[in-house]
Structure formats: C-alpha cells, structure tokens
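Shown next, in structure tokens, is the structure this report addresses.
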Amino acid sequence: MTTPPNLVELLAGVRAKRGYLLPHHGLMAITSPALLDAYDAAYTQIALADRVLSHHDREFVWLAILIATDEAIATHHIAKFKAAGGSDAELEVILTITALALGFESYRFVARNWLGHLPDCDPQAIYLRALRKSAGAVPMRLVNMAVASVFVCKAGWDALALQIVAAYDDAVPELELAEAISLAMFPGSVPHFVEAARVWRELIVAGKVSASQPFLDWANLSGQGGFDEASRAKR
C-alpha cells in the first residue's frame, strides 16, 4: 500500500474549510478518499451550512450535545459560540439544563415506582417546571431544542416525546427543532436520529402535537417502518 500522492492536499482542504484537523480525517484520506469527500459533504450540511438556525443558536445546541456525549475534543464549538455572541451566562444555562436532562432517570424512577404512594405527584410536570426555572433569561425556544437534542444523544425516547410536545407548546418552529436534533447525528449516532424521527412522527400521527401540513404529510406516509415492515408486506 502506498501513500496517496494527494494526501497533503486533501487534508489541507479539510483544514482550510474547518480551521482544524482531527485524526479520523487523515485515516479516511489514506484508506478511502471518496469516504472523506462524502463525510465532509454530510458534515458541512449538518454543522457548517446555514439552514434556519442562527450561528448563535446552532452553537448553543451543539454545546449541550457535546456535554451529553463527552465530546471533549470539539472545543472549536466553544470558540464558535463565543464568536456568535454567546455569553458566560448562557454557558451556565447550557450546563444546567444539560445536567437536568441527563438526570431525567430520577423522574422516571418516581413515575415508575412511587406514584402509588404519591398520587398527586406529576414527575413530568416537575421536570418541566425545573427546566423552565433553569432557563433564566434564555428563551425556552432554545432550551427546548438543546434538551431535545440531548435526549436524542442519550436515546431517551420517552423524555424526547415529552420535550417535543413541550416545544410545540412553546411555539418552537418545526424547522428549527428539526435542525437542532439533526445536529446529534454525528456525536449521538445516526441510528439515534432515526429513532428520534420515529418518536416525532408517532406524536404527530397520534395527534399529540399540532403539526404543520408538511409534517403531517410526512407523518401520514405509509411504509416507514424499515426492513421489517417492508419484508412483512411481501409475505
């Protein structure tokens, strides 16, 4: 096996676009330049290209995701957040709401085990009140998006459903919420993003959120159950 003659050029292009290199860039450049190109195109659309979120709001969500996934190497997102006007007060909120989301198992525990002894206790309502209190001066729109993305990363599907409903209640634009949870695809895994889409779709189908027409059309499409559903349909 020989070193690709354009290895330095390939990696220089990545560095020029992002301002940094990570070890996997070089590994892909050596073993599959085509994979590096495809990866770079996907990453560009997810993390760099402008969709609907402002740079500030996108980086707000990114920081919550990085805390939730122990992504210590991605410190460039801190610099990007600050460059977009992010404040130390907002960083405190990001840390607080992410910690609250990561502790959601405590609310599950009470709901699962103690409601027979605490008939007036509503763990989900308690969680949502704590989240709203923790937001401080940060808009709930941002808080809902960040915490929903944390739940995608941690495969907390019951919590994600709760958060999506809360996001609709707080009038979070659907396209903004969709972009926010899509940021979890790389650090939180594509399969988790697939499941997140399933949770959202099922909420729409069940009438638990007031979805817009494009989201209704998506949710009502049949045959979205993957291979198992497709293979059963052929038997």
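The values are calculated or read from the model by the stated rules, or taken from the named source; none is laboratory data. In this text, all values refer to a predicted model and were calculated from it rather than measured experimentally. Backbone-built Cβ (ideal geometry, glycine too); neighbour counts: all protein chains shown. Side chains included, ligands, DNA and RNA excluded: accessible areas come from the protein's heavy atoms. Shrake-Rupley method; radii C 1.70, N 1.55, O 1.52, S 1.80 Å.
Details
- Scoring LEU160 on the criteria (1) part of a helix (DSSP H, G or I); (2) over 17 Å from ILE181 (Cβ atoms); (3) of a type outside the set (D, E, K, R) leaves a single failure, condition (2).
- Qualifying residue in segment 188-197 (condition: at pLDDT below 95 and in a loop (DSSP other than H, G, I, E, B)): yes
- The condition of being small (Gly, Ala, Ser) and free of Cβ contacts under 8 Å to residues at least 12 places away in the same chain holds for only one of ALA130, ALA206, that being ALA206.
Listed here are the residues, each with its yes/no results for (1) open to solvent by 90 Å² or more (accessible area, probe 1.4 Å); (2) in a loop (DSSP other than H, G, I, E, B).
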| residue | (1), (2) |
| --- | --- |
| PRO4 | no, yes |
| VAL14 | no, no |
| LEU27 | yes, no |
| ILE30 | no, no |
| ALA34 | no, no |
| TYR39 | no, no |
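- When each of VAL165, VAL209 is tested for being assigned to a loop (DSSP other than H, G, I, E, B), more than 20 Å from ILE67 (Cα to Cα) and either of a type outside the set (Val, Ile, Thr) or open to solvent by less than 60 Å² (accessible area, probe 1.4 Å) (or both), the lone residue that passes is VAL209.
- Boolean, VAL52 is hydrophobic (A, V, I, L, M, F, W, C), open to solvent by 30 Å² or more (accessible area, probe 1.4 Å) and touching a residue at least 60 places away in the same chain (Cβ under 8 Å): yes
- Among the candidates ALA101, ALA74, the residue that is in a helix (DSSP H, G or I), in contact with a Leu (Cβ under 9 Å, 6 or more places away or on another chain), surrounded by 15 or more Cβ atoms within 10 Å (Cβ to Cβ) and in contact (Cβ under 8 Å) with a residue 40 or more places away in the chain is uniquely ALA101.
Each row is one residue, and each column tells you yes or no for (1) of a type in the set (Val, Ile, Thr); (2) in contact with a strand residue (DSSP E or B) (Cβ under 9 Å, 6 or more places away or on another chain); (3) surrounded by 15 or more Cβ atoms within 10 Å (Cβ to Cβ).
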residue: LEU175; (1), (2), (3): no, no, no
residue: ALA180; (1), (2), (3): no, no, yes
residue: MET185; (1), (2), (3): no, no, yes
residue: VAL190; (1), (2), (3): yes, no, no
residue: ALA219; (1), (2), (3): no, no, yes
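- Residue satisfying all of: in segment 104-125; in a helix (DSSP H, G or I) and open to solvent by 70 Å² or more (accessible area, probe 1.4 Å); nearest to ALA184 (Cα to Cα) among these: GLU105
- Any hit, segment 142-150, residues being touching a helix residue (DSSP H, G or I) at 6+ places or on another chain (Cβ under 8 Å) and either open to solvent by 10 Å² or more (accessible area, probe 1.4 Å) or assigned to a loop (DSSP other than H, G, I, E, B) (or both): no
- Residue under evaluation GLU59, criteria (1) open to solvent by less than 30 Å² (accessible area, probe 1.4 Å); (2) of a type in the set (D, E, K, R); (3) touching a residue at least 60 places away in the same chain (Cβ under 8 Å), criterion not met: (3)
- Tallying residues that are closer than 20 Å to ILE164 by Cα and either in contact (Cβ under 8 Å) with a residue 12 or more places away in the chain or β-branched (Val, Ile, Thr) (or both) within segment 107-127 yields 7.
- Test: THR44 is part of a helix (DSSP H, G or I), within 30 Å of ASP158 (Cβ to Cβ) and polar (S, T, N, Q): no
- Test: ILE67 is in contact (Cβ under 8 Å) with a residue 12 or more places away in the chain and open to solvent by 20 Å² or more (accessible area, probe 1.4 Å): yes
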